[in-house]
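Scroll down for the structure; my scribbles are underneath it.
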Amino acid sequence: MATGGGQQERPTRPSSFSRVSSSSFSPASSSSTSTSLPPGVRIGANGAAFVSSGIPDLDRILGGGFLVGSVVMVMEDADAPHHLLLLRNFMSQGIVHGQSVLFAGPTKEPRSFLGTLPSPVVQKEGLKIKHDVSDVQDKEKGLRIAWQYKKYFGEQTAVDSHNRDKKQEFSSDFDLRKPLERQLLNSQNVECISTQDAFDLSKLQNHCLTFVSKLSMKDGINSNAGRIAIQSLCAPQCGYFEKDWDMLSFIRSLRATVQSSNAVAVITFPASVLSNSISKRWQHLADTLLSIRAIPDKDLAKLLTGYQDMLGFLHVHKVAQFNSQVPVILDASTYSLKLQKRKSLVLERLNQAPVEGSSGVSYATSGSCSSSKGSLLDF
Amino acid sequence: MAEGLIVRSLRDGSLPGEHAPALCLEDSLPSPLASHSHAVFRHLLASLLSTGTGTAVVLVAFHRSPSFYLSLLSPTFHNSIRLLDCYSDPLAWKSNHHPPPPSHSPQNITLLTNLNHLPHFLSSILHLAKDLGAQGHDRVTVAIDSVTHMLRHAPLPSVLQLLTNLRCHEKISSLFWLIHTDLHEPKVISSFEYISTMIASLQPIVQLPDYANANISASITSLEENYSKAKFNVRLKRRNGRVKLLCEELLIEQGSVKFSSVPSVSSVVAQNLIPKVQFNIQLSDKERMDRANVVLPFEHQGNGQNIEIYDGRRSLSESQKDPSSTKIGGLSEQKRSNNNKSEKGEIHYIRDSDDEQPDSDEDPDDDLDI
């Protein structure tokens, strides 16, 4: 049974934002034509269009953000609710940029989830500039810093000073303690659907189709991107839970719908409640695959620095790539989720003594990321 | 401590705005006499009821008859418990042929025959909970004897929906159920773990022996321990997203359950969770002895002579040669004799101290202060 090909089988994507031919692509021309792009969409490498995930660190790790037209899947951990943090930031970012948002959740009142969305932090300009300049200087020195001291220098940003202002508009920091303003939530382009009582996925499928068709019908020129956020798609209390193949064909049709439109879909699902083979099929259908892992209390304290602030681990399995056959190779694939000053979400690399190369090899074999606690952390 | 934590969180119920805590008690075949988990179930029931007048329990009895439960509890608690009897007539055989006499059952037992229809089931539980609430009990806990029995009558998603609805309902303050893990597929068990906030399971203290090994007889007699003791593993999902893992020992004595803590368990738990490092830093005893016997290249002269290291103190061989001579004298004597034999270079190694670890001076950054 075909489960959908990998990224490399689809070389072109007819979303209206991306530039298909790369011959005329240069940084100067992109900055002049970027004014025609709606807010929140940016052109990145290989002429692909990105929207921000709502978490600036995650955008940087994924090489620009979420690709427009891709399906992002997040594998939840049954023990921890951190996937909701990712979803909240994703939806808030869309609302702040005026993009249409469709949310589906396995509760009776999915609208109540909107009340937990964070509002963006208003940052002073001066602080942001200072941070970027020091990073550029560090890069120029070409230091090779030993692993013990990397944490003192912080992460190097790949953004040069020219695009600094655009970067700030593209993705905002969110304050998780402050809820988003009511009038933004009540606008017409935020829809919510409940999946709990549904016995099959046809209703959700129709909703997604109408949502995506509405995106392309708007005004022609300045149609904005759309965001689809589905929480816990295979939650066991939903009526369609035992229909594995129906769920897979829903994801496949969602993928096809989103691919030819200006939307990004983020789906979270608890992988532990699916059987192994079905879970693998779900993972193959994702363009970008992330997973969340909970931290057991106290036990890892002696191995990791900064352990007390960590909420959980984020593991990047797959990163979508467009217009290129070169795969994305990450420095590290496991990051820790932390709350900075209890309000904004940051992702940090784990600081630990280097482990021998076996960790990379066995990650590939244990890639299914079940809830077994014995799986390796990849640094 | 694990048992205390569980009872406390079940008794305290949920904070406003949160769903009720739910405990999933898992029963499995390797822990012999499946009644162990049932004993824990009864123990939890009794401890919840005995904590005061505020807590009341709605017990859904599938596995044992309601009178069994009533006989377990002292009569003072009979007012704080309501039983939903799903044991006597689950398939409605009796009521189809002989309608039940109206005032047959005691006041706190309600007979339920239509188990296929889960909304009716839910409303009966809520009705009983409201009853108890009206009597002045502000915290109502729902205990389900065996979810395995429920799954015989209704499909999995509807059972899970029922449990989730119970968790959301404002009259219910906590919820716990028993499930037999061997009778279901793993994904069913993981679905129940997904919707619960605490997961407790029993494991045998002594594992079944590997019959290929030689000494079977010794291990079989130790299996007897399994009949009275078991390991009680608890996994708690905390509000900050961390997972707390606890393990205790369970003793069953004459029908009552006692919990005692086992100190050596945390290391076992930690071993599963830390990443497996490829190199093993610790030395075994044999390796330590071998290391002590290793002759380092700068400690010998390469010409087969006895190894003598000038360590700043009188060594045994020097005292044997000339007990009255000084250290320096002894050394120079040796030097002269060596020089007569060969013209090769010599190595004179002075050890700083006897207990010097070989790599102790390795990290020059220790005094670095950033």
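I want to confirm something. Restricting to the range B:223-241 and keeping residues that are open to solvent by less than 30 Å² (accessible area, probe 1.4 Å) and modelled with pLDDT of 80 or more, which single residue is farthest from the other protein chains (Cβ to nearest Cβ)?
B:232
Right, residue B:56: buried (at least 17 other Cβ atoms within 10 Å of the Cβ) and at pLDDT 80 or above or not?
Against the criterion (buried (at least 17 other Cβ atoms within 10 Å of the Cβ) and at pLDDT 80 or above), residue B:56 qualifies.
Can you list the helices (runs of 4 or more DSSP H) lying wholly within the range A:187-304 that have 2 or more residues being away from chain B (no Cβ under 14 Å) and modelled with pLDDT under 90?
On the way: elements: A:202-217, A:244-259, A:276-284.
The helices (runs of 4 or more DSSP H) meeting that bar are A:202-217.
Can you name the residue in the range A:89-119 that is within 14 Å of chain B (Cβ to nearest Cβ) and touching a Phe, Trp or Tyr at 6+ places or on another chain (Cβ under 9 Å) and is also modelled with the highest pLDDT among such residues?
Only one residue fits best here, namely A:105.
Could you check the range A:186-208 and list, in sequence order, the residues that are open to solvent by less than 40 Å² (accessible area, probe 1.4 Å) and small (Gly, Ala, Ser)?
A:194, A:198
The values are calculated or read from the model by the stated rules, or taken from the named source; none is laboratory data. Owing to the predicted nature of the structure, the values given are computational and were not obtained by experimental measurement. All Cβ positions, even for glycine, are placed from backbone atoms using ideal geometry, and neighbour counts span all protein chains on display. We work out accessible area using only protein heavy atoms, side chains counted, and drop any ligands, DNA or RNA first. Shrake-Rupley method; radii C 1.70, N 1.55, O 1.52, S 1.80 Å.
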